[in-house]
Amino acid sequence: MKVLFAGQIPKDSWFPDANEDAFVLATDIGRVAVSDGASESFDSKTWAHLLTTHFVQHPGLSTSWLSDAVADYLAQFDLAQMSWSKQAAFDRGSFATLLGIEEFISHGTVDVLSVGDSLAVLLDGDDFIDSFPYVRAEEFQQRPELFCTNAALNTFFFSPDFFSRHHKTWCIKDRSSPVILCMTDALGEWALRHAQEGRPVWQMLAGIEDVLSLETLVIQERLTRSMRIDDTTLVRLSFASADGNDLPNP
């Protein structure tokens, strides 16, 4: 696994530190995680960073995995120092997505975990192969399940069908130029909508090599109201080709 590009564009350029997206790149162990913190949350920025960090360290999600992540979040705050209104917001919880990518070189596969509406797209060169968890732009209109710091709101995680709904394996060993794009929802919805309209943007996204290029695209599409204004993250990953050689950077 190689990271060909990773960049973020905040929803408000005047306040880049308020960006609630997070990503962790651990290519040495074949893992990458992206998270989109929900803006209405108390402190989704911290929660997004914790979720991505926990995934790359321990990708095997379990009851203890989630409870440990929640405990780490709670340890960041002193309730006694909060106003009653902040305590109320804290108690409601912080929410975030989690998109986790893990490569299994010996099997020639990539596992994708997706909770929420952050999107992974598999390309072979510039050709679209699959996307997860959504395949159509309209799916972004539904309310996604999100990990929450309020444990009572994570009941979906304990459902017997959790992994069948939130996990997918992609076989990449027979692909000539496998690439995975990881995107938070504003960019993911925009990309799928363009593809449905017969104007695929996969080649454009696969060709982004610097943050300025991503910023130019995002700002242009926001100005035309084609892309929703939100924190935007794009990570582009390449993998070994079918002949076992690492792909060169484009």
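So the values come out like this:
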| quantity | calculated |
| --- | --- |
| Positions within segment 51-76 being surrounded by 15 or more Cβ atoms within 10 Å (Cβ to Cβ), of a type in the set (A, V, I, L, M, F, W, C) and in contact with a Ser or Thr (Cβ under 9 Å, 6 or more places away or on another chain), in sequence order | L51, F55, A69, V70 |
| Cβ pairs under 6 Å, 6+ apart, first in segment 109-124 and over 17 Å from P144 (Cβ atoms), second in a strand (DSSP E or B) and of a type in the set (D, E) | V110/E103; D111/E102; L122/D130 |
| Segment 124-164: number of residues that are of a type in the set (S, T, Y) and either touching a Leu at 6+ places or on another chain (Cβ under 9 Å) or open to solvent by less than 50 Å² (accessible area, probe 1.4 Å) (or both) | 4 |
| Of all residues making up segment 5-25, the number that are of a type in the set (D, E, K, R), modelled with pLDDT under 90 and in a loop (DSSP other than H, G, I, E, B) | 1 |
| Top-ranked residue in segment 152-192 [being in a helix (DSSP H, G or I) and charged (D, E, K, R); ranked as nearest to Q8 (Cα to Cα)] | D185 |
| Checklist (1) open to solvent by less than 40 Å² (accessible area, probe 1.4 Å); (2) among the hydrophobic types (A, V, I, L, M, F, W, C); (3) in contact with a helix residue (DSSP H, G or I) (Cβ under 7 Å, 6 or more places away or on another chain) applied to I229, failing item | (1) |
| Some residue of segment 212-228 being outside any strand (DSSP E or B), among the acidic types (D, E) and at pLDDT 95 or above | yes |
| Count of segment 8-50 residues which are open to solvent by less than 20 Å² (accessible area, probe 1.4 Å) and not acidic (D, E) | 15 |
| Any hit, segment 157-177, residues being aliphatic (A, V, I, L, M) and in contact with a helix residue (DSSP H, G or I) (Cβ under 9 Å, 6 or more places away or on another chain) | no |
| Test set (1) part of a strand (DSSP E or B); (2) more than 12 Å from the chain's Cα centre (by Cα) - V32 fails condition number | (2) |
| L237 within 28 Å of R175 (Cβ to Cβ) and part of a helix (DSSP H, G or I) | no |
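The values are calculated or read from the model by the stated rules, or taken from the named source; none is laboratory data. The structure presented is a predicted model; accordingly, all values stated were derived computationally and were not measured. In this analysis, Cβ positions are derived from the backbone assuming ideal geometry, glycine residues included, and neighbour counts consider all displayed protein chains. Please note that ligands, DNA and RNA were not included when accessible areas were found on the heavy atoms of the full protein model with its side chains. Shrake-Rupley method; radii C 1.70, N 1.55, O 1.52, S 1.80 Å.
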